[in-house]
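Structure, as structure tokens:
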Amino acid sequence: MKQHILPAIKLTAICIVVFCGLYSLVILGIAQVAPSKGEGQTVSIDGKVKGYTLEGQSFTQDKYFYSRPSAAGYNAAGSSGSNKGPSNPDYLQVVKDRIDTFIVHNPTVAKADIPSDLVTASGSGLDPNISVKGALVQVHRIAKERNIAPEKIKALVEQSVEKPLAGLFGTEKINVLAINVALDKLSKPK
């Protein structure tokens, strides 16, 4: 028994030093060379922080691009998905209600053209991004609300596309907070 306990204690001590100490220091060092020094990226308007680009936020006014729905109520302290499977009747009803609400606000969009990311929550419930298609289906509503040509809104969408990491990892996406801030700047009288 002694021959098993002593190596287990040594291995535990080594793992504590490596994974709690050295690993944490390496990650901290990597974060320090990141553009935001590991503090996250904030969006400020007139010197006031309006939000964080890495955290989903609720945009429900028709003059803005809608965010992806959140199962956590956009609360970063309670990050979670709904934990309901795609065949769960309650979940299906929630998605149906979201589709119906979207169509009410976007009458020019056919039900089949609504991207899934606009009616389903992400695993964390805090996804700050929507798909490019998710932004494009909202262009006509926003253009009408803001009295701006749809072509200008489409151009803004194209300028706001974030490419996959290294061109390989992930998909093209649009940060909702960033595009909505740019939309407000576009709408401001000059």
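The values are calculated or read from the model by the stated rules, or taken from the named source; none is laboratory data. Treat the numbers as computed from the prediction; the structure is a model and nothing was measured. With ideal geometry, Cβ positions are generated from the backbone for all residues, glycine too; neighbour counts draw on all protein chains shown.
Taking the criterion of being among the aliphatic types (A, V, I, L, M) and in contact with an Asp or Glu (Cβ under 8 Å, 6 or more places away or on another chain), the residues of segment 139-190 that qualify are Ile142, Val161, Ile174. Within segment 131-140, does at least one residue satisfy the condition of being surrounded by fewer than 14 Cβ atoms within 10 Å (Cβ to Cβ), part of a helix (DSSP H, G or I), modelled with pLDDT of 90 or more and in the same structural domain as Leu183 (by TED's automatic domain parsing)? No, every residue in segment 131-140 fails to be surrounded by fewer than 14 Cβ atoms within 10 Å (Cβ to Cβ), part of a helix (DSSP H, G or I), modelled with pLDDT of 90 or more and in the same structural domain as Leu183 (by TED's automatic domain parsing).
Pairs linking a residue in segment 125-154 that is touching a residue at least 40 places away in the same chain (Cβ under 8 Å) and hydroxyl-bearing (Ser, Thr, Tyr) to a residue that is crowded, with 17+ Cβ neighbours inside 10 Å and in a helix (DSSP H, G or I), with Cβ atoms under 6 Å and 6 or more positions apart or on different chains, are Ser131/Asp117. Within segment 62-77, residues that are outside the structural domain of Asp117 (by TED's automatic domain parsing) reach no partner that is not polar (S, T, N, Q) with beta carbons closer than 9 Å at six or more positions or on different chains. Pairs meeting the criteria (first residue in segment 84-106 and closer than 18 Å to Asp117 by Cβ and not assigned by TED's automatic domain parsing to the domain that holds Tyr64, second residue modelled with pLDDT under 90 and basic (Lys, Arg), beta carbons under 7 Å, at least 6 apart or on different chains) are lacking.
Condition check ((1) at pLDDT 70 or above; (2) touching a Phe, Trp or Tyr at 6+ places or on another chain (Cβ under 7 Å); (3) closer than 20 Å to Leu183 by Cα) across all residues:
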| site | (1), (2), (3) |
| --- | --- |
| Ile45 | no, no, yes |
| Gly56 | yes, yes, yes |
| Asp62 | yes, no, yes |
| Ser80 | yes, no, no |
| Pro89 | yes, no, no |
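For Tyr66, all conditions in the list (1) assigned to a helix (DSSP H, G or I); (2) at pLDDT 90 or above hold save one; what is the number of the exception? For Tyr66, the exception is condition (1).
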